[in-house]
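Just dropping this structure here.
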Amino acid sequence: MSNDNYTSPLSSRYASKEMQFIFSPDNKFRTWRRLWIVLAETERELGLPITDEQLAELKAHVEDIDYAAAAAYEKKLRHDVMAHVHTYSDCCPTARGIIHLGATSCYVGDNTDVIIMRDALRLLKTKLLNVISRLADFADKHKDLPTLAFTHFQPAQPTTVGKRACLWIQDLLLDLAELEHRLAHLPLLGSKGTTGTQASFLELFEGDHEKVKEADRRIAAKLGFAECFAVSGQTYSRKLDSMVLNVLSGIGQSAHKFSNDLRLLQHLKEMEEPFEKNQIGSSAMAYKRNPMRSERMAALARYLMIDALNPAITAAGQWFERTLDDSANKRLSVPEAFLAADAILELYLNISDGLVVYPKVIEKHLLAELPFMATENILMDAVKAGGDRQELHEKIRQYSMQAAQRVKADGLDNNLLELIAADPAFGTDLAALQQLLRPENYVGRAPQQTEEFLADCVRPLLAEHAGELGRTAEIYV
């Protein structure tokens, strides 16, 4: 890597080699050549005079791209597609006359963009499934472990560690459903011509409308797509980019929420992200165990969510059949969004594969708050024993305020049960009250909800995609 020019951190530090290759120039320009071959094959099948020799020559030179020659042509012609047409023609002299026949630049540019987005979505889908799988194992392992739940980050009724993990999984399942829907309904541009009217192809096929329509169908099938856009301008609707990046934004939202939860739990010392033997948390404070991975996840997620606005504004700003003010923005916003989403899922997979839980700290925090949560049961038992409900409720309210003040103002333990036990109106003693403080009695159906959610919603999905599971992720910086 050169150190005297700017390189995107998404490439140099964060995104996987797999995703970087998908958006690499080499993959893009090889795909252009594949599209020219598919176009020539289709035109030949529909009756145009294209020979076996010409097709064989095109196929023989899919990968041997002379990038220096292409750069020289582009400098001269100021047109990237025509630069590569000339470069391809130089090594395919026999096929020179039929390369790009009837097409406009968007035939290779836009169709390639859709193919690349499809391949990138497939990679993200695999990574999503692996994160879900890791979290499912974690949820199952800790489905019965009571923990203090929070609303407004204030202590609320207990849940279990496994049930909380199901909330993270649920968000990812929603993202996966959106991703699968987008993949299933991703259309190619096809062969539409300069303003989307297919006039050039109608001319090539001598006015045969059915052959023009069949060309679109065959191009889509050869490239693994169910359909092409029924109508377009010169480009496919830029709303497609916006819809795709909204899927990625959703992944960012889910990951950011998980990151927030984990960082708060790490502050409470209840859970931690992985921390390596030689990892340094702070250059000054040697004892620090900063949550670097989840902090990075949040940072990248914020970038991704904002980046998803770019194609929305681009789609809104197009004029008639096309303007070129989409191009420079697309070159930046779409690849960077996929690289960011990929980096986020790499982090998510790495973290979920090494989550650390501290049950004793969890129990300590829960027991400190549980006396407050047990007061309803205490009240009911005292009323059943003959006490006055309103009088007892007021006593519990006053004792609760005293105990809370003792905890917050004096830093002492919660003595609510001692205060209640000392009041004869409740007709009980401390030992009896302490028997109520069994955390598992306050988690409701959290263990059962976890089991049912995993069995009904998660495990069948993972079984369906078993061949894609088993990935790991290593964080290098």
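Every number here is computed from the coordinates shown, using simple stated rules; none is lab data. No experiment lies behind these values; they were computed from the predicted model shown. Ideal geometry is used to build each Cβ from the backbone, glycine not excepted, and the neighbour counts take in all protein chains shown.
Once the Cβ-Cβ distance between Asn246 and Gln318 is put in as r, and R0 is 22 Å, what FRET efficiency do you end up with, to the nearest 0.05? Walk me through the intermediate numbers first.
On the way: r = 18 Å, r/R0 = 0.80.
With a Förster radius of 22 Å, E is 0.80.
Could I have the simple spin-label model distance between Gln435 and Met82, label points 7 Å from Cα toward Cβ, reported in nm to one decimal?
About 9.2 nm, to one decimal.
What is the Cα radius of gyration of region 105-357 over 2.2 N^0.38 Å, N being its residue count? Show your work: numbers first, answer last.
Details: Rg = 22.9 Å, N = 253, 2.2 N^0.38 = 18.0 Å.
Compactness ratio reported: 1.27.
Grab the Cα-Cα distance for Arg30 and Glu45, subtract it from 0.36 nm times how many residues apart they are, and report the gain in nm with one decimal.
3.1 nm
Right, another one. Show me the GluC sites (Glu not before Pro) within region 19-112 that DSSP assigns to loop and that have at most 16 other Cβ atoms within 10 Å of their Cβ.
On the way: sites: Glu41, Glu43, Glu45, Glu53, Glu57, Glu63, Glu74; in loops: Glu63.
Hits after loop and neighbour filter: Glu63.
Suppose we look only past 21 Å in the calculated P(r) of region 20-98. What percent of the Cα-Cα pairs does that tail hold?
Details: 860 of 3081 pairs.
Summing the P(r) tail past 21 Å for region 20-98 gives 28 percent.
Mind giving me the nanometre distance, one decimal, between the label points for Lys239 and Thr151, set 7 Å out from Cα along Cα→Cβ?
Once both label points are built, they end up 3.9 nm from each other.
Which whole-number percent gives the relative contact order of the chain, counting Cα pairs below 8 Å spaced six or more residues apart? Walk me through the intermediate numbers first.
Values: 591 pairs, mean separation 90.9, N = 477.
Value for the chain: 19 percent.
Moving on. Defining a contact as two alpha carbons under 8 Å apart and six or more residues distant in sequence, what relative contact order in percent does region 20-98 show? Can you show the working numbers first?
Details: 55 pairs, mean separation 22.1, N = 79.
Relative contact order comes out at 28 percent.
Name the chymotrypsin sites (Phe, Trp or Tyr not before Pro) in region 6-114 that are in a loop by DSSP and that have at most 13 other C-beta atoms within 10 Å, would you?
Numbers: sites: Tyr6, Tyr14, Phe21, Phe23, Phe29, Trp32, Trp36, Tyr67, Tyr73, Tyr88, Tyr107; in loops: Tyr6, Phe23.
Those satisfying the criteria are Tyr6.
Search the structure for amide H atoms under 5 Å from the amide H of Thr104, placed 1.01 Å from N in the peptide plane, and list their residues when 5 or more places away or on another chain.
Placed amide hydrogens put Gly193 under 5 Å from Thr104.
Here's something else I'd like to know. Residue-wise, which Karplus ³J(HN,Hα) couplings in Hz belong to region 249-258, taking 6.51 cos²θ - 1.76 cosθ + 1.60, θ = phi - 60°, and x for glycine or proline?
After applying 6.51 cos²θ - 1.76 cosθ + 1.60, I find 4, x, 4, x, 4, 5, 5, 5, 4, 4 Hz.
A further question follows. Consider all pairwise Cα distances in the chain and report the whole-number % of them above 43 Å. If you can, show how the numbers build up before the last one.
On the way: 41398 of 113526 pairs.
When all Cα pairs of the chain are counted, 36 percent exceed 43 Å.
If you stretched the chain out fully between Gln448 and Ala69, how much longer would it get, using 0.36 nm times the residue separation minus the C-alpha to C-alpha distance?
Working: separation 379, 0.36 × 379 = 136.44 nm, distance 6.50 nm.
Using 0.36 nm per residue and subtracting the Cα-Cα distance, I get 129.9 nm.
Setting aside same-chain residues fewer than 8 positions from Lys330, which lysines have a Cα under 27 Å from its Cα?
Straight-line reach from Lys330, under 27 Å: Lys17, Lys28, Lys75, Lys76, Lys125, Lys127, Lys192, Lys222, Lys239.
Return the loop-located chymotrypsin sites (Phe, Trp or Tyr not before Pro) in region 421-477 (DSSP other than H, G, I, E, B) with at most 15 other Cβ atoms within 10 Å of their own Cβ; answer none if there are none. Mind dumping the intermediate values first?
On the way: sites: Phe426, Tyr442, Phe453, Tyr476; in loops: Tyr476.
Passing both the DSSP loop test and the Cβ count: Tyr476.
Same structure again: Under the Karplus relation 6.51 cos²θ - 1.76 cosθ + 1.60, θ = phi - 60°, what is the ordered set of whole-Hz ³J(HN,Hα) values for region 32-49, x standing for Gly and Pro?
Going residue by residue, I get 4, 5, 4, 5, 5, 5, 4, 5, 5, 4, 5, 4, 5, 4, 9, x, 6, x Hz, with x marking Gly and Pro.
Can you sort Cys106, Cys92 so the residue with the fewest Cβ neighbours within 10 Å comes first? Let's see the in-between values first.
Working: Cys106 23, Cys92 20.
Neighbour counts put them in this order, fewest first: Cys92, Cys106.
Of Val443, Val231, how do they rank once you tally other Cβ atoms within 10 Å and put the fewest first? Numbers along the way, then the final one.
On the way: Val443 22, Val231 9.
Lowest count first: Val231, Val443.
Alpha carbon centre of region 145-159 versus region 409-473: separation in Å?
9
Follow-up. Set the Förster radius R0 to 51 Å, insert the Cβ-Cβ distance between Ala199 and Glu376 as r into 1/(1 + (r/R0)^6), and round the FRET efficiency to 0.05. Numbers along the way, then the final one.
Numbers: r = 76 Å, r/R0 = 1.50.
Result of the calculation: an efficiency of 0.10.
At 222 nm, what helix-only mean residue ellipticity would the chain give, in deg cm²/dmol to the nearest 500, using -39500 (n - 2.57) for each DSSP H run of four or more?
On the way: 20 runs with 292 residues, N = 477.
Helix contribution divided over all residues of the chain: -20000 deg cm²/dmol.
Go ahead and run the numbers for FRET between Ala463 and Glu394, Cβ-Cβ distance against an R0 of 60 Å, rounding to 0.05. Could you put the intermediate results ahead of the total?
Working: r = 56 Å, r/R0 = 0.93.
Rounded to the nearest 0.05, the efficiency is 0.60.
Return the sequence-ordered ³J(HN,Hα) values of region 201-213 in whole Hz as given by the Karplus equation 6.51 cos²θ - 1.76 cosθ + 1.60 applied to θ = phi - 60°, using x for Gly and Pro.
Ordered by residue, 3J(HN,Hα) equals 6, 4, 5, 4, 9, 6, x, 8, 5, 5, 5, 4, 5 Hz.
Now a separate question. Whose amide H sits under 5 Å from the amide H of Thr147, counting only residues 5 or more places off or on another chain, with H placed in the peptide plane?
Placed amide hydrogens put Thr159, Thr160, Val161 under 5 Å from Thr147.
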